[in-house]
Structures are given as C-alpha cells and as structure tokens.
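The values are calculated or read from the model by the stated rules, or taken from the named source; none is laboratory data. Quick caveat: nothing in here was measured; it's all calculated off a predicted structure. With ideal geometry, Cβ positions are generated from the backbone for all residues, glycine too; neighbour counts draw on all protein chains shown. Calculation scope for accessible area: heavy atoms of the full protein, side chains included, ligands and nucleic acids excluded. Shrake-Rupley method; radii C 1.70, N 1.55, O 1.52, S 1.80 Å.
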Amino acid sequence: MMKITTYTPSREPAEQEFAEINQFLYNHLEQYGDAKTDIAKAMEYSLGRNNTAGGFMLTAKDETDNITGAVVVNNTGMNGYIPGHILVYIATHNEHRGKGIGKELMLAAIEAANCDVALHVEPDDPAKILYEKVG
C-alpha cells in the first residue's frame, strides 16, 4: 500500500520531514543528483520560500511510513508560452524500483500541476523510459 502526500507553500512538511526528503533525494538520485544544498534550494523554491513562485513536492511512503519515492516540481510562472512547471527531481528508493512507484508519482505530479510540465533528462538516465511511457 502506497500513500502519496503533497506538499505546497500552504502545506509544508515539518523541518524533520523536509530534511528526510532532502536526504532521500540525495541518496536515491545517485549519479543524476546534485549536492544536498542544491536539492534543498529546489525544495525550498517548490514551497514558495524566499518569495519564489512555488510549486509542490510529492512523497510516496510505504505501510511503515518510509519514503519510497519523491518528486520536486517548481512553478515557472510562465504558463502559456513555456510549460508552467518544471520537474526538477524524481527518485524512487533503489530497493523499490520497478514496482510502479515512479509512474504513480509522475502521474500524480502531472495531475497536481494542472498544466504543462517540462523536464531535463540525460540520455542514459533510466528514468527516461518512465518519461517516455507517461508521455
């Protein structure tokens, strides 16, 4: 059983959970990730901190409340002439890959964005297959 939670500027995670999500992304983005401080900046942006445009974050948790996946999506503020959101990070726990968690998170992110979503993916990133399947 997977539980997806959405965090927004009006529904932020507690600081401990923010740190857990940050650590999770740092660990499970692996070679496609960034420094923890840079991941935290994108997370803060998605929560509208420091007068940013905001966006949202999603987490997937298992029945024991452990994070199995996370997404960070930032609002570009430019909907209409470029996509309104950019998917900055998506990661699935390395022990839970291939179970549909990434797909569920991606579909939930598209629904939550309620407009076009852009992303950048390296040609050899395994997540590229997910993005192609979802469209």
| note | GNM on the chain, Cα springs under 10 Å; top mean-square fluctuation among THR64, THR52, THR37 goes to THR64
| Count of Lys pairs (Cα-Cα under 15 Å; at least 8 positions apart or interchain) in the range 38-135 | 5
| Given springs between every Cα pair under 10 Å in a Gaussian network model of the chain, which of TYR45, TYR89, TYR32 has the largest fluctuation? | TYR32
| field | Solvent-accessible area per residue, Å², over the chain with all protein chains present [probe radius 1.4 Å] | value | 56 Å²
| task | Using only alpha carbon pairs under 8 Å that are at least six residues apart, calculate the relative contact order of the range 29-135 and give it in whole percent. | result | 20 percent
| said: Out of the total accessible area of the chain (probe 1.4 Å, heavy atoms of protein only), what percent is carbon and sulfur? | reply: 49 percent
| GLN16 versus ALA53, label points 7 Å from Cα toward the beta carbon: distance in nm? | 3.5 nm
| said: Please state the shape class of the range 45-93: rounded when a/c is under 1.5, otherwise prolate if a/b exceeds b/c and oblate if not, all from the C-alpha gyration tensor. | reply: prolate
| query | By DSSP, what percent of the beta bridges with both residues in the chain are antiparallel, rounded to the nearest 5? | reply | 85 percent
| message | For a test of the definition: using alpha carbon positions, the gyration tensor, and the 1.5 limit on a/c, classify the range 3-77 as rounded, prolate or oblate. | response | oblate
| note | Taking a ≥ b ≥ c as the square roots of the Cα gyration tensor eigenvalues, with a/c under 1.5 meaning rounded and otherwise prolate when a/b beats b/c or oblate if not, the chain comes out rounded
